[in-house]
Structure formats: C-alpha cells, structure tokens
Amino acid sequence: MAVCVAADLHVHSALSPCAGDDMRPPAVLLTAERRGVGIIGVVDHNSAGNAGAFLEAARAFAVRVFVGLEVESAEGVHILALFDNAEAAADMDAAVAAHLPGWRNQPDVLGNQILVDAFGNEIGCDDRLLLTATSLTVEQVAAMTRERGGMPIPAHIDRELAGLLPVLGFVPPGVSVEVLEVSRHMSVREARARWPELEELPLIVSSDAHCLDDIGTAVTWVSAPLAAAEIPALEWGRCLAANLLGAGG
Ligand SMILES: [Zn+2]
Ligand SMILES: [Zn+2]
C-alpha cells in the first residue's frame, strides 16, 4: 500500500465559465486516476451545482472526491469551501446564492456554465453570473463553511488576482482555517520566504485545474490513513493540517 496519496484539492468543472466544457465527471476522474491523484476537490466559482454528479461518478473510480465552491468574497478573495457530501455543499451553495449580485452570465464573453450528470451529459446551464464577488467577507465565508462541516481553504494565497495575501496584505486574525493553498506557480518554501507570517501555518499546493491537462500538475501529499479516513471534511482538514506540520510541510 502506498505510504502517501496525492491530493489535488482545487479542480474546476464545466460549470465554471473559465473552465473547459470537457471538465465533466468521467473525464476529470479518469484523468486524476491515470495520473495517480487519489483525492481531488471539485469546486466551481460561487456554485456547487455539479457536486452530486461528481460524488456519484467517483464510486466508479479509485479517486476520493471532496466537493464544493470557490467563493469570491466581497474583498475579491477566493476561498475554497470543500465538503464530503452533496447535501452540505448544496446548503452552502444556497447560502452563497443569496449573496450574489443577481446579474446574468454572458456565455459568449465569459464562457459556458454547464450542469452535468454523473455520466457527463449536459442537463442544463446556470444562467447566473457566477464569476463575480459575493457580498460575504472572508471571515463569513470561512465561518459558513465550518458551520456546515466543511473545510475552508483560502485559495492561491500568493496570486495577485484574488489571492489573500496580495489583496489583503495579511491573513486576517478573525479567519479560522486549518490550511491555506499556495498556487502551483510558487512552492511552499518560496511562499514562506516571501511571507514570514506563513512560517507556522500548514500550506497545501493545488493545480487550480481549468482543463484536463492541468489536473495533478500540483499536488499535496497526504498520509495513506488520512487519505482513507471516513471523517467529516472539517475534521479531515484538521488532520491534514496536523499531517502537514508533522511532515514539516
Ligand atoms: Zn481562484
Ligand atoms: Zn479556482
């Protein structure tokens, strides 16, 4: 048995306008499996509309799936909200929907927002403008995720566009998160050197895949027992943090 399992906790589906229309459950899961990625997190911008389809499809693959949203806060910061079940993800989706501006997507300009079933068939389109900021603060997004048993993870914290550190300049003390994500364009070591306040914090890296080719291009190694642990996402995130700090990550 493998000692460690590769986790790519930031992968978009065809519901994200900026992601490929082929980012559907069978193709995404098959790609992850072939590349030896044992755990993925599937998120879309301000929506978890394809969460159920991915969880259902995952039963046919040797890939564990967390599902959820990549919420854009009022400050313009991206935060992953990952769950281990479709119900919690849908509940978070509904809560976030109440904080969207209520504009419509422009598919010709921004891209398609495709809803799919477990087999990858298109079952509809989301007409809402998803690629935009909500009226929720970073603190609120993290708290709402935790209330529903999910793990909140500030996404690509090093990135100029929508990354926590360039946008806010610091990790707000009121934000309760277990781990933070560095983009695939910077190593954990580089991030710690640039932002010394990250020294004590557990950091993960993910691909932020928008196309099949991106899947697994950046991964975090998770111990095999944790990879298989059947515990709620929030608890899993706590264990992941302990795992990373124990490993010096
Ligand atoms: Zn993002
Ligand atoms: Zn993303």
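List of remarks:
- Residue-level analysis places Ala155 among those that are under 23 Å from Glu87 (Cα atoms), touching a residue at least 40 places away in the same chain (Cβ under 8 Å) and within 16 Å of ligand 2 (Cβ to nearest atom).
- The single condition among (1) surrounded by fewer than 24 Cβ atoms within 10 Å (Cβ to Cβ); (2) out of contact with any helix residue (DSSP H, G or I) (no Cβ under 6 Å at 6 or more places or on another chain); (3) within 19 Å of Ala133 (Cβ to Cβ) that Pro17 does not satisfy is (2).
- Here Gly163, Gly149 are screened, and the one residue that is in contact (Cβ under 8 Å) with a residue 40 or more places away in the chain, over 25 Å from Ala27 (Cβ atoms) and more than 16 Å from ligand 1 (Cβ to nearest atom) is Gly149.
- Any hit, the range 185-196, residues being more than 23 Å from Leu15 (Cα to Cα), in contact with a Leu (Cβ under 7 Å, 6 or more places away or on another chain) and β-branched (Val, Ile, Thr): yes
- Selection count where residues are away from ligand 2 (no atom under 14 Å from the Cβ) and within 16 Å of Glu181 (Cβ to Cβ), scope the range 1-19: 2
- One residue stands out among those in the range 55-65 that are more than 19 Å from Ala2 (Cβ to Cβ) and touching a residue at least 60 places away in the same chain (Cβ under 8 Å): the one that is surrounded by the fewest Cβ atoms within 10 Å (Cβ to Cβ), which is Glu56.
- Residue count for the range 20-46, restricted to those that are crowded, with 24+ Cβ neighbours inside 10 Å, touching a residue at least 40 places away in the same chain (Cβ under 8 Å) and within 12 Å of ligand 2 (Cβ to nearest atom): 4.
- Scanning the range 86-130 for residues that are surrounded by 13 or more Cβ atoms within 10 Å (Cβ to Cβ), of a type in the set (S, T, N, Q) and over 26 Å from Phe61 (Cα atoms) yields Asn105, Asn112.
- Exactly one residue among Gly246, Gly216 is away from ligand 1 (no atom under 13 Å from the Cβ) and either on the phi > 0 side of the Ramachandran plot or surrounded by 21 or more Cβ atoms within 10 Å (Cβ to Cβ) (or both), and that residue is Gly216.
The numbers here are math on the coordinates, done by the rules we state, and not lab data. Please read all numbers here as calculations on a predicted model, not as lab measurements. We place every Cβ from the backbone using ideal geometry, glycine too, and count neighbours over all the protein chains shown.
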